Amino acid sequence: VQLQASGGGLVQAGDSLRVSCAASGRDFASYVMAWFRQAPGKEHEFVAAISWSGATAYYGDSVKGRFTISRDNAKNTVYLQMNSLKPEDTAVYYCEAKGRGGIARIPSEYNYWGQGTQVTVSS
């Protein structure tokens, strides 16, 4: 599966932004999908993940209650709605997919990823 993230941009603290990830290839509905992010000089950080059906979602502690992950299997797309953005949310956001097993928070569990989209939050 090939992944392409889009929708990033420059926003102010407190604003909202939705990023999307379009997938091409077969069997998108069978993949667990996740968002990770990476800021300069920092580790690849787990943001959110969603089961193949969309029924289950997990979030990183730093975004819980502010971000929502969702998916539309008919459109082969996963979304990340980000509300109440903070300057510390500034990073490149990557969508990633894993084809086997359940939801995971560890980047090495994911088999596919694409180019990220830059999100910058000004104070």
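The values are calculated or read from the model by the stated rules, or taken from the named source; none is laboratory data. Since we're looking at a predicted model, the values are computed, not measured. A quick note on method: Cβ atoms are made from the backbone with ideal geometry, for glycine too, and the neighbour counts reach across all protein chains shown. For accessibility, only protein heavy atoms count, side chains too; no ligands or nucleic acids. Shrake-Rupley method; radii C 1.70, N 1.55, O 1.52, S 1.80 Å.
Under 16 Å between alpha carbons, and skipping anything fewer than 8 positions from Lys64 in its own chain: which lysines qualify?
Those lysines meeting the cut-off are Lys86.
Relative contact order for the chain: what is it in percent, counting Cα pairs under 8 Å that are at least 6 residues apart?
It rounds to 36 percent for the chain.
For Gln38 and Asn73, calculate 0.36 nm times their separation in residues minus their Cα-Cα distance, and state this gained length in nm to one decimal.
Fully extending the segment from Gln38 to Asn73 adds 10.0 nm.
Taking the Cα centre of the chain as origin, sum charge times position over the Cβ atoms of Lys and Arg (+1) and Asp and Glu (-1), and report the length of that vector in debye to the nearest 20.
In total the dipole reaches around 200 debye.
[x] 14.3, 49; [y] 14.7, 54; [z] 13.3, 41: which one is Rg and Dmax of the Cα atoms in Å as calculated from this entry?
[z]
Of the peptides 85-93, 58-66, how do they stack up when ordered by the mean number of other Cβ atoms within 10 Å, highest first?
Order by mean packing, descending: 85-93, 58-66.
In terms of modelled amide H atoms, which long-range or inter-chain residues lie less than 5 Å from the amide H of Leu85?
Answer set, sorted by chain and number: Gly14, Asp15.
For the range 39-83, what are the per-bin percents of Cα-Cα distances with bins 10 Å wide, up to the bin holding the maximum?
Using 10 Å bins, I get a P(r) of 26, 48, 23, 3 for the range 39-83.
Tell me, what HN-Hα J-couplings in whole Hz come from the Karplus equation 6.51 cos²θ - 1.76 cosθ + 1.60 at θ = phi - 60° for each residue of the range 103-119, using x for Gly and Pro?
5, 9, 9, 9, x, 5, 6, 9, 8, 10, 7, x, 5, x, 10, 7, 10
Using a basic spin-label model with each label point 7 Å from the Cα along Cα→Cβ, how many nm lie between Asn83 and Ile106?
Output for this residue pair reads 3.3 nm.
Hey, any idea what % of the range 30-120's accessible area is carbon plus sulfur with a 1.4 Å probe?
C and S fraction of accessible area: 48 percent.
Add +1 for every Lys or Arg and -1 for every Asp or Glu among the other residues with Cβ under 14 Å from the Cβ of Lys42, and state the total.
Net local charge, Lys42 excluded: -3.
Please give me the summed charge of the neighbours of Ser62: other residues whose Cβ is under 10 Å from its Cβ, Lys and Arg +1, Asp and Glu -1.
0
Taking 35 Å as R0, compute the FRET efficiency from the Cβ-Cβ separation of Ser30 and Thr120 and round it to 0.05.
Result of the calculation: an efficiency of 0.55.
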